[in-house]
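Read the figures in this text as sums done on the coordinates, not as results from a lab. Bear in mind that the values here come from a model prediction, so they are computed numbers and not experimental data. Cβ: placed from backbone, ideal geometry, glycine included. Neighbour counts: every protein chain shown.
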Amino acid sequence: MQNPGYDWAAEARKHLLEPAVQADRRQRSKLKVELRYGRLFALLNLDPEKRRQLEDLLIKYDLAKMVDAFPSTSAETKEEATQRLASLQQTRLDEAQEIAATLGDDAAKGYSDYESSYPYRDSIESIADLMRANGAQVDEGTQESILSAYARVTSEVSSAASQDATNDQLAQMSADQLAALRAGQKERFDEQLASAMSQVLAPDQFQAFMAAELTVELGKE
């Protein structure tokens, strides 16, 4: 039977801050950074010292964000949760500023673009592979341009969609109304995506992209 006075969150946070646990988490963070950012390091073409500095920063802030995200007590109040999330947001801002100071503006923008596009990297890799299989010429630079445009359009459409209806309005909509809203948002995304891709791809690449993107999208349904 659990001790009524036992605070699992406090004990877990205490455990997380122990030196041995921190050392283990650092090794895990190092592996995570290598797996997630290996392609970024190649794209930025950093010299060994800059790469080491960036790796150290990413590991340091990965550990810091992990601690900030964890409640200090299982009885955390709403105000305490707000303060903790504010601390986490400040840690993210500090990370961005320190990375910018270390890398310089151009490389820091490359890092920022990589981060914002990372969730879509696997999908774009699949689309690019299909494009190549269908005879389109897609080199690494073109694939990165596709990824950057896709991430930008997704962000813009998502931001616009948040203005379509409030949470209360969404909760009051019927299934048909929600489906119509979603269809409109999807149409908006498709139009903006086509426009963005037509600006970064040659006509034959554009046709190959639209066909491959549809194939990947249908495969998710």
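Restricted to the range 28-82, and to residues there that are outside any helix (DSSP H, G or I) and touching a Leu at 6+ places or on another chain (Cβ under 9 Å), the residue that is surrounded by the fewest Cβ atoms within 10 Å (Cβ to Cβ) is A69. Taking every residue in the range 160-188 that is in contact (Cβ under 8 Å) with a residue 24 or more places away in the chain and pairing it with any residue that is part of a loop (DSSP other than H, G, I, E, B) and surrounded by 10 or more Cβ atoms within 10 Å (Cβ to Cβ), at least 6 positions away or on another chain, the pairs with Cβ-Cβ distances below 8 Å are Q185/D164.
Only residues that are more than 18 Å from the chain's Cα centre (by Cα) and not basic (K, R) were counted in the range 110-133, giving 6.
Screening S112, S87 for residues that are part of a helix (DSSP H, G or I) and within 30 Å of N45 (Cβ to Cβ) leaves exactly one candidate, S112. Can you tell me which residue is surrounded by the fewest Cβ atoms within 10 Å (Cβ to Cβ) among those in the range 182-210 that are within 25 Å of the chain's Cα centre (by Cα) and aliphatic (A, V, I, L, M)? Residue satisfying both the conditions and the ranking: A183. Yes or no: E156 closer than 14 Å to A196 by Cβ, without any contact (Cβ under 8 Å) to a residue 40 or more places away in the chain, acidic (D, E) and in contact with a helix residue (DSSP H, G or I) (Cβ under 9 Å, 6 or more places away or on another chain)? Yes; evaluated as a whole, the condition is true for this residue. Scanning the range 3-19 turns up no residue that is under 25 Å from I99 (Cα atoms) and among the acidic types (D, E).
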